[in-house]
Amino acid sequence: MKLQHLHRSSIALLCFLFPLVPAHAQQKTSEAPSAASVPAPEAASFPKRLEEFYHQDWTGTAPASPAAPRRGLPSPLSSPPFPSSDWSYGGSPTIGESDGNVYPLQTAINGANGRVKVYGWAEPTANVSTSRDRNYPETNDIYSNRVELGQMVVYVERLPDSVQRDHVDWGFHLTSFFGTDYRSTTNKGYFSSQLLDHNRQYGFDPVLEYVDLYVPHVAKGMNVRAGRFISIPGIEAQLTPNNYMFSHSLLYAVDPFTDTGVLATIQVNDQWVVQAGVSASHDVAIWTPDAKPSFMGCVSYTTKSVNDNFYLCANGINDGTYAFNNLQMYDGTWYHKIGKKWHTATEIYSMYQRNVPSVNGSIVAEKGTNGANCRQGLQTCLAPEWAFTNYINRELTGHDFVSFRSDFLNDKKGQRTGYATKYNEGTLMYSHWVGTTVQVRPEIRFDHAWDRRSYDNGTRTNQFTIATDVVFHF
């Protein structure tokens with residue numbers, strides 16, 4: 001379908017979802033007839049402004065915006081086509097980088113004037129699989145052979161201005177998240193009954209709600225975040241535009257997703273960032289019995305050439321005693337740029353919990369968690385796992401890139417996936433952008449379980465999937 005026909009139906013959908021907001025009439029100068037003799041032009045309506053944004057974006061006629069101000073090292077990547085232009089760290093906006101993003105919805109509302117922004121995306125997905133019922137532990141397309149709404153997300157946010165170093169600034173973020181992917185973000189105590197008690201296919205999750213305080217005179221800038229935020233280590237994130245691919249690595253499928261706590265991020269200099277904070281442990285609200293004070297700490301180092309970044313984290317560290325997702329996580333990420341077009345992203349972690357109930361014992365595991373395959377006769381045991389993933393990425397054009405991911409997970413006691421086995425997968429993906437607002441990511445993927453049948457509810461050792469998503473930004 002040609003874009004000229006596609007975008008009108010898309011605009012109609014957005015106009016149904018969001019209220020009409022009047023805009024201020026724009027003043028126009030002229031040396032010809034006076035205002036008394038010529039009626040003032042009417043301001044474009046909300047639907048027209050929204051339609052015009054997409055038309056310009058998809059036809060490449062949008063006026064060029066000046067480069068967003070920043071301080072520090074230059075960006076290593078182009079975004080698009082990649083999810084981010086910088087080597088990422090979690091739990092904070094990138095200190096020294098301004099908010100230069102322009103979004104269709106906010107532009108239609110008020111011309112993108114002001115620092116509070118409303119935006120989001122819709123992500124329909126489809127997959128065809130050799131499994132008949134479940135693709136898990138492949139995510140996010142857990143259900144086999146389906147067309148689904150993976151994510152419908154609305155953000156309301158204000159980013160602190162961390163480029164300036166004159167005054168304290170602040171920000172906030174609120175998220176409304178609906179779709180099948182709520183299964184991966186569920187945090188015990190935040191509407192978690194949808195999954196833990198009812199196992200619903202679709203659900204709602206607020207996911208992110210936090211405030212930021214930027215203090216410019218601590219080193220080269222410090223940001224303090226308080227609230228619920230994405231677990232800080234790693235390459236991938238649950239919010240789909242932040243990922244190279246539609247599906248997630250096995251490594252990401254079983255690690256922590258969100259934390260509630262306070263985290264300080266300090267830009268020591270252009271190359272070093274340090275982080276430290278405390279959370280209520282992983283994927284639990286502070287008012288649940290599973291909550292316990294847990295340490296978070298990371299250090300990020302970028303070379304002067306910006307060709308390499310190393311990000312090391314100790315995440316959710318406490319006594320490690322079994323509770324809902326009380327994972328003791330040690331994580332390392334390495335980004336490496338090869339020339340102008342190639343880069344790699346590599347991550348490895350080790351996680352464990354102590355005193356996990358045995359699947360053969362009398363202690364019942366918590367809802368939403370698995371027991372461990374302990375030695376015969378033990379009621380509880382240590383449940384460790386480790387994983388490795390690598391992305392090789394090649395930029396083709398300003399709108400296209402390809403990526404290959406290889407992945408290995410050793411779930412030694414089966415506490416994370418339900419099956420004590422080793423897994424590996426390989427995925428090849430092609431990403432194409434239409435303008436800056438529509439992204440299509442078809443992929444082919446092969447999964448293998450080494451030691452026992454672990455796919456399709458324990459009936460298969462191998463799984464082949466063809467899948468895609470379409471991310472429509474508004």
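Some observations on this one:
- Considering the conditions (1) among the polar types (S, T, N, Q); (2) assigned to a loop (DSSP other than H, G, I, E, B); (3) within 24 Å of the chain's Cα centre (by Cα); (4) closer than 30 Å to H399 by Cβ, S305 is excluded by exactly one of them, (3).
- All of D212, D205 fail the test of being touching a strand residue (DSSP E or B) at 6+ places or on another chain (Cβ under 9 Å), within 19 Å of R115 (Cβ to Cβ) and surrounded by 21 or more Cβ atoms within 10 Å (Cβ to Cβ), apart from D212.
- Of the residues making up segment 345-377, those that are closer than 18 Å to D411 by Cβ, part of a loop (DSSP other than H, G, I, E, B) and among the aliphatic types (A, V, I, L, M) are V359, A365.
- Qualifying residues in segment 443-459 (those that are more than 10 Å from S131 (Cα to Cα) and among the acidic types (D, E)) - the one surrounded by the most Cβ atoms within 10 Å (Cβ to Cβ): D447
- Tabulated pairs, segment 93-107, first free of Cβ contacts under 8 Å to residues at least 60 places away in the same chain, second in a strand (DSSP E or B) and among the aliphatic types (A, V, I, L, M), C-beta under 7 angstrom, 6+ apart or interchain: Q106/V118
- Of the residues making up segment 240-291, those that are surrounded by fewer than 24 Cβ atoms within 10 Å (Cβ to Cβ), part of a loop (DSSP other than H, G, I, E, B) and small (G, A, S) number 2.
- Within segment 417-444, the set of residues being under 29 Å from T380 (Cβ atoms), assigned to a strand (DSSP E or B) and free of Cβ contacts under 8 Å to residues at least 40 places away in the same chain comprises T421, K422.
- The set of residues in segment 363-397 being more than 18 Å from T321 (Cβ to Cβ) and of a type in the set (G, A, S) consists of G377, A387.
- Tabulated pairs, segment 336-347, first under 15 Å from P83 (Cα atoms), second surrounded by 12 or more Cβ atoms within 10 Å (Cβ to Cβ) and acidic (D, E), C-beta under 6 angstrom, 6+ apart or interchain: K341/E395
- Scanning segment 72-105 for residues that are buried (at least 21 other Cβ atoms within 10 Å of the Cβ) and outside any loop (DSSP other than H, G, I, E, B) yields P104, L105.
- L149 meets the stated requirement of being farther than 28 Å from T302 by Cβ and assigned by TED's automatic domain parsing to the domain that holds S300.
- Residue, surrounded by the fewest Cβ atoms within 10 Å (Cβ to Cβ), within segment 395-416, restricted to residues that are assigned to a loop (DSSP other than H, G, I, E, B) and within 21 Å of the chain's Cα centre (by Cα): H399
- Test: R132 is at pLDDT below 95, surrounded by fewer than 15 Cβ atoms within 10 Å (Cβ to Cβ) and on the phi < 0 side of the Ramachandran plot: no
- Residues considered: V218, V207, V211. Of these, the only one that is among the aliphatic types (A, V, I, L, M) and in a strand (DSSP E or B) is V211.
- Some residue of segment 380-394 being in a loop (DSSP other than H, G, I, E, B), assigned by TED's automatic domain parsing to the domain that holds K304, buried (at least 16 other Cβ atoms within 10 Å of the Cβ) and not small (G, A, S): no
The values are calculated or read from the model by the stated rules, or taken from the named source; none is laboratory data. These numbers were taken from a predicted model, which means no experiment stands behind them. As a convention, Cβ positions derive from the backbone with ideal geometry for all residues, glycine included, and neighbour counts pool all protein chains shown.
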